[in-house]
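Notes for the one structure printed next.
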Amino acid sequence: MSEYTLTQRCLAELLGTYILVFIGPGAVITFASTLEFVSPAAALFGIGFAFAIAVAVAIYTVGHISGCHINPAVTIALAVIKRFPASEVVPYIVSQIIGAVLASATHYIIYGPAVAGKVYFGLTLPGDIIGGNPVIACVNEIVMTFILMFTIMGIAVSGKAPQGWAGWGIGLVVGALIWWGGPISGTSLNPARTFGPALVSGNWTAHWVYWVGPIVGAIIGAVIYEYLFIKAPEKQ
């Protein structure tokens with residue numbers, strides 16, 4: 001039983017998601033508006049590392065309070081394998097979405113629509129490299145979120161990994177996935193991370209991709225790790 005109330009844990013999820021979306025998509029806006037993607041490779045590396053830091057900071061600050069899901073796909077996946085109460089799924093997801101929207105609203109206030117609107121407030125969209133194909137983008141999000149959730153299960157859920165490395169381990173895999181998938185689908189991995197910029201920018205292009213892909217990928221990753229590498233050894 002957690003020592004924190006549901007209200008406290010939901011507030012932690014809101015703040016953790018705020019940190020993620022403020023820093024991550026904020027880095028996208030900065031590279032687009034200030035540096036104008038002069039060096040695309042450097043921009044992609046910088047954005048990926050910004051997300052890695054944001055995830056690590058969120059995990060180390062609110063992880064002990066709420067588990068630091070900061071992602072509806074992670075919350076749903078953990079509920080599917082019964083490692084999170086089904087009754088708390090909706091409060092967690094609502095909190096995550098509010099945190100993301102507040103972060104994007106902060107970008108609106110700081111940068112203004114003319115500046116931040118250049119990249120739709122850091123919104124994820126199917127890339128030109130795949131011709132904007134939403135199906136390919138969705139497949140990419142499924143695979144990438146599977147890798148992310150598989151990592152979360154191994155580092156943070158199983159209890160078998162070395163202690164103290166969850167923040168950087170999970171953060172760095174997010175950064176690496178951005179380096180790979182940024183030009184393909186924007187590398188959302190997280191419906192809330194995409195919802196905030198979509199709402200504030202008013203751009204809902206292929207928005208379904210960033211709910212279906214991450215949720216499906218996270219469930220697959222959680223189920224495979226839970227029943228092949230956690231539950232299976234317990235039955236031996």
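The values are calculated or read from the model by the stated rules, or taken from the named source; none is laboratory data. These figures come from a predicted structure and were not determined experimentally. Positions of Cβ are generated from backbone atoms using ideal geometry, with glycine treated the same way; all protein chains shown enter the neighbour counts.
Please verify whether Y92 is under 26 Å from I219 (Cβ atoms), among the aromatic types (F, W, Y) and in contact (Cβ under 8 Å) with a residue 60 or more places away in the chain, treating the condition exactly as stated. Yes.
Looking at segment 19-31, is at least one residue at pLDDT 95 or above, assigned to a loop (DSSP other than H, G, I, E, B) and either under 25 Å from V115 (Cα atoms) or among the hydrophobic types (A, V, I, L, M, F, W, C) (or both)? No. Restricting attention to segment 195-236, and to residues there that are of a type in the set (S, T, N, Q) and either part of a helix (DSSP H, G or I) or in contact with a helix residue (DSSP H, G or I) (Cβ under 6 Å, 6 or more places away or on another chain) (or both), which single residue is surrounded by the fewest Cβ atoms within 10 Å (Cβ to Cβ)? Filtering segment 195-236 for residues that are of a type in the set (S, T, N, Q) and either part of a helix (DSSP H, G or I) or in contact with a helix residue (DSSP H, G or I) (Cβ under 6 Å, 6 or more places away or on another chain) (or both), the one surrounded by the fewest Cβ atoms within 10 Å (Cβ to Cβ) comes out as N203. When you scan segment 111-149, how many residues do you find that are without any contact (Cβ under 8 Å) to a residue 40 or more places away in the chain and among the hydrophobic types (A, V, I, L, M, F, W, C)? So the count comes out to 2.
Residue-wise test of (1) over 19 Å from I29 (Cβ atoms); (2) touching an Asp or Glu at 6+ places or on another chain (Cβ under 7 Å); (3) modelled with pLDDT of 95 or more.
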| site | (1), (2), (3) |
| --- | --- |
| G182 | no, no, yes |
| S188 | no, yes, yes |
| N203 | no, no, yes |
| W208 | yes, no, yes |
| P214 | yes, yes, yes |
| G217 | yes, yes, yes |
| I220 | yes, no, yes |
| K235 | yes, no, no |
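Is it the case that segment 135-146 has a residue that's at pLDDT 95 or above, closer than 23 Å to I19 by Cβ and charged (D, E, K, R)? Yes, some residue in segment 135-146 is at pLDDT 95 or above, closer than 23 Å to I19 by Cβ and charged (D, E, K, R). Among the helices (runs of 4 or more DSSP H) lying completely within segment 86-193, list those that include at least 2 residues that are of a type outside the set (F, W, Y) and either surrounded by 21 or more Cβ atoms within 10 Å (Cβ to Cβ) or within 18 Å of the chain's Cα centre (by Cα) (or both). So the answer is 89-111, 134-152, 166-185. The number of residues in segment 177-213 being more than 23 Å from F37 (Cα to Cα) and β-branched (V, I, T) comes to 2. Is segment 63-71 home to any residue that is among the hydroxyl-bearing types (S, T, Y), under 21 Å from V209 (Cα atoms) and part of a helix (DSSP H, G or I)? Scanning segment 63-71 turns up no residue that is among the hydroxyl-bearing types (S, T, Y), under 21 Å from V209 (Cα atoms) and part of a helix (DSSP H, G or I).
Among the conditions (1) buried (at least 16 other Cβ atoms within 10 Å of the Cβ); (2) over 15 Å from G171 (Cα atoms), A54 misses just one, which is (2). Determine if segment 33-48 includes at least one residue that is touching a Ser or Thr at 6+ places or on another chain (Cβ under 8 Å) and either modelled with pLDDT under 95 or not small (G, A, S) (or both). Within segment 33-48, not a single residue is touching a Ser or Thr at 6+ places or on another chain (Cβ under 8 Å) and either modelled with pLDDT under 95 or not small (G, A, S) (or both). Cβ-Cβ contacts under 8 Å between residues 6 or more apart (or on different chains), taken from a first residue in segment 26-47 that is closer than 13 Å to G122 by Cβ to a second residue that is charged (D, E, K, R) and outside any loop (DSSP other than H, G, I, E, B), are listed as I29/K118; A32/K118; S33/K118.
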